[in-house]
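**Q** I have a structure I would like to understand better, so I am pasting it below and will then ask my questions one at a time.
The values are calculated or read from the model by the stated rules, or taken from the named source; none is laboratory data. Keep in mind the model is a prediction, meaning the values are calculated, not measured. A quick note on method: Cβ atoms are made from the backbone with ideal geometry, for glycine too, and the neighbour counts reach across all protein chains shown.
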Amino acid sequence: MASPTFFCANWSPQSIDCANQGKRVCTACRLVAYCGPKCQNAHLSTHKKDCNSPLLSEAWKPGWVRQNRKPVFSGKIFGVEKFLWGNMPAIDILRLEANEGKDYSGDLRLLFAGEYPKYPKSFRLCKPDIAIPIASGDLRNVIKTVLGLPEAYSRPLSITINDVDFDVAARNTIMMMIALTVEPVEKAIDCIIHVWYSTFVRQSDIEILQSYVRPMIEEMCEKIKSKRLGAYSKTWKLDRGTLRVGMEKSSWDRFLSLLSKPLKVSVDLARTIRKKTMLAASRVDYRERTMCALSPLRRAAFAKFQEDGLLVPFGYPRHEFKKPNPTFFQNADRWPMQDSAEPLQGWPAEEVEDTSSGLASADIYGKLFYYLRSQLKAFLGRLSGLEASFTVHQFNVTELPKYIGSEKFCRIEVSNIMDEKWVKVGGTLGPMMPLLQTPNENPHATLLGLFMMAVDDTRTAEERSQPPIGTTVELMKLYVPALAEGEITSLYDPSLIKVELSRGLVETHDEIFDHYQRKWEFRREERRSGAMMKDKNTIIDKWPYKLKLNPNNPAGRAEFARRIGAGLTGKEIYAEWKRVPPHK
């Protein structure tokens, strides 16, 4: 794909693709563009299926309405509870100019330790002496943070990315190796996008894995093949920075197997494996509930990605993508994520929507594709002017000090592991705060944590089931017209589903979070671990996804559509801590 070109959508697996630029949009859907009327007419029979989809109609109703039945929402997780894609918008965890200052000339050391791998709750509660796994998740916050650095900053930058989950650590390593070695950068960028998000990849992507990544892993495995079990690390000095990877010997062997002996899965079998999770018949009501929160054009794009799992523009040729992504298909009978996994949730909706997808202006996944291209191009370009070193670990957090040594960090990001469901505040601050720089070393050093479930975990089941009242209802009427016009006919009306999904965006939850802090004795845990919560956040707003614009104007309504479309609830809370002397 040539970077600036928005291609003609006239293609089929049996013909030669048109290589011209798309200059004539399909006005009915605005999802594809053609070079002219000849190609548009030639492609009409193929495009009709998408263009005439009922999902594009304002009158579309979910199946439970059409069939006059009660929808099936059991609340159960479906699929493997693993997070290979971020489910919160990427953030800059440094914000150097607002903290240390744009002229800061010290070294920067960052630790990304985020999404928590899903072990049974009883595992953590009954075995407090077990090493606590801390997980970084994917690379989106790393990329955003590097891009947030002032242009003038040229001091050493050290980034440590730890994830106890093998799949996440291996994928992060693969993408960093591609980012730091492959030329030209356009080749590296598209390969990273597809390894990251696409169910199937191209032969050229497989060749990059075999030519660039596999030899490095092979070299390490050869070096340690006769050594006893244990943890081993290897450092490579590469074109755009230094990369160090630390794993158990068994993980190194598994890594090499992933690359040298990938699971032999046919395209048809891979589609079937994914379909069992992403398009399960038993989950149709869940998918259509998600679509209740989307605009008609967004629904059609969502359905397309659900169907084929390729992160490319809507009209881009699919026939190049013939190889099952080896980082997804390591098991012959399961897709490695939940059916709710969604690439768009990992990036700021405003930035993605503001990205041009050419004349196909409704192609949201095309916008995401071009957005990722621009972000990765800027990321790789920025690395060329930095003295950057990256470390990818696959260790439990209690083992980290052994590999980090005396190193202290100016930022530590722990994502949502403080939620009640996972290790809570005490289980996080205890092992993490000693790794944070002291105020004497850096008065802006910060540990950043996210609470995704605190509001709902504090409310009783009865409180959570109560319908919105008072101010909440009046505000929701401005965003969901059917509520104001009395058009809602049942408890499962799509507009009411939309209200339930979005009411948290207009509600106030400060008192609930205060109660949550008392319930879990934040102050006691802070004293024990030598932490103090900041009165005012300096990295990201405490409630960053609350609606801020006037609902009576188009910008306010667009803000609402972005929030609900991204799956944000308004209940997401960011808290920041600095280090102080501990006391009992």
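Residue by residue, here is whether (1) surrounded by 20 or more Cβ atoms within 10 Å (Cβ to Cβ); (2) outside the structural domain of ILE178 (by TED's automatic domain parsing); (3) of a type in the set (A, V, I, L, M, F, W, C); (4) in contact with a Cys (Cβ under 8 Å, 6 or more places away or on another chain) holds:
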position: ASN331; (1), (2), (3), (4): no, yes, no, no
position: GLY346; (1), (2), (3), (4): yes, yes, no, no
position: ALA349; (1), (2), (3), (4): yes, yes, yes, no
position: GLU387; (1), (2), (3), (4): no, no, no, no
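So that you can scan it fast, the table gives a plain yes or no per residue for (1) touching a helix residue (DSSP H, G or I) at 6+ places or on another chain (Cβ under 8 Å); (2) more than 21 Å from LEU310 (Cβ to Cβ):
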| site | (1), (2) |
| --- | --- |
| CYS191 | yes, no |
| GLU207 | no, no |
| ILE224 | yes, yes |
| LYS227 | yes, yes |
| SER233 | yes, yes |
| LEU238 | yes, yes |
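**Q** Something else about it: One residue is enough: does the stretch 227-249 have a residue meeting the conditions assigned to a helix (DSSP H, G or I) and either polar (S, T, N, Q) or under 30 Å from LYS275 (Cβ atoms) (or both)?
**A** So far as the stretch 227-249 goes, no, none of its residues is assigned to a helix (DSSP H, G or I) and either polar (S, T, N, Q) or under 30 Å from LYS275 (Cβ atoms) (or both).
**Q** When both residues are 6+ apart or on different chains and their Cβ atoms are under 7 Å apart, which pairs have a first residue that lies in the stretch 51-80 and is without any contact (Cβ under 8 Å) to a residue 24 or more places away in the chain, and a second that is surrounded by 11 or more Cβ atoms within 10 Å (Cβ to Cβ)?
**A** Partner pairs satisfying both residue conditions: PRO54/TRP60.
**Q** Still on this model: Inspect the stretch 377-398 for any residue being closer than 23 Å to PHE451 by Cβ and touching a Gly at 6+ places or on another chain (Cβ under 7 Å) and give the result as yes or no.
**A** no
**Q** Another one. Condition first: touching a residue at least 60 places away in the same chain (Cβ under 8 Å), more than 22 Å from CYS292 (Cβ to Cβ) and more than 20 Å from the chain's Cα centre (by Cα). Now tell me which residues in the stretch 542-581 satisfy that.
**A** ASN552, GLU576, TRP577, LYS578, ARG579, VAL580 - these are the residues of the stretch 542-581 that are touching a residue at least 60 places away in the same chain (Cβ under 8 Å), more than 22 Å from CYS292 (Cβ to Cβ) and more than 20 Å from the chain's Cα centre (by Cα).
**Q** Answer with yes or no whether LYS402 is of a type in the set (D, E, K, R) and over 25 Å from ILE540 (Cβ atoms).
**A** So LYS402 passes the test.
**Q** Same structure again: Check the stretch 134-156 and report whether any residue there is of a type in the set (Val, Ile, Thr), crowded, with 23+ Cβ neighbours inside 10 Å and out of contact with any helix residue (DSSP H, G or I) (no Cβ under 9 Å at 6 or more places or on another chain).
**A** Looking for residues that are of a type in the set (Val, Ile, Thr), crowded, with 23+ Cβ neighbours inside 10 Å and out of contact with any helix residue (DSSP H, G or I) (no Cβ under 9 Å at 6 or more places or on another chain), one finds at least one in the stretch 134-156, hence yes.
**Q** Out of the stretch 417-459, which residues are closer than 22 Å to TYR403 by Cβ, modelled with pLDDT under 95 and not in a helix (DSSP H, G or I)?
**A** ILE417, VAL423
**Q** I would also like to ask the following. Between a first residue in the stretch 194-208 that is without any contact (Cβ under 8 Å) to a residue 60 or more places away in the chain and a second residue that is crowded, with 19+ Cβ neighbours inside 10 Å, which pairs have beta carbons less than 7 Å apart while being 6 or more apart in sequence or on different chains?
**A** Short answer, once both residue conditions are applied: ILE208/ILE178; ILE208/VAL182; ILE208/CYS191.
**Q** Under 7 Å by Cβ, and 6 or more places apart or on different chains, what pairs join a residue from the stretch 246-275 that is free of Cβ contacts under 8 Å to residues at least 60 places away in the same chain with one that is exposed (fewer than 15 other Cβ atoms within 10 Å of the Cβ) and among the small types (Gly, Ala, Ser)?
**A** LYS249/GLY230
**Q** Please go through the stretch 87-103 and give me each residue that is closer than 16 Å to LYS542 by Cα and of a type in the set (D, E, K, R), ordered by number.
**A** ASP92, ARG95
**Q** Here's another thing I want to ask about it. Checking THR458 against (1) closer than 18 Å to HIS515 by Cα; (2) surrounded by fewer than 18 Cβ atoms within 10 Å (Cβ to Cβ); (3) hydroxyl-bearing (Ser, Thr, Tyr), only one condition comes out false. Which one?
**A** It fails just one condition, (2).
**Q** Something else now. Within the group LEU505, LEU549, LEU491, which residue is buried (at least 18 other Cβ atoms within 10 Å of the Cβ) and more than 30 Å from PRO434 (Cα to Cα)?
**A** LEU505
**Q** In addition: Of a type in the set (Gly, Ala, Ser), touching a strand residue (DSSP E or B) at 6+ places or on another chain (Cβ under 6 Å) and either within 28 Å of TRP347 (Cβ to Cβ) or outside the structural domain of LEU344 (by TED's automatic domain parsing) (or both): is that true of ALA531 in this structure?
**A** Yes: the conditions hold for ALA531.
**Q** So which residues in the stretch 205-223 are surrounded by fewer than 17 Cβ atoms within 10 Å (Cβ to Cβ) and not hydroxyl-bearing (Ser, Thr, Tyr), if there are any at all?
**A** The answer is GLU207, GLN210, PRO215, GLU218, GLU219, GLU222, LYS223.
**Q** Of all residues in the stretch 392-442 being buried (at least 24 other Cβ atoms within 10 Å of the Cβ) and of a type in the set (Ser, Thr, Tyr), which is farthest from GLU525 (Cα to Cα)?
**A** Across the stretch 392-442, the extreme among qualifying residues is SER415.
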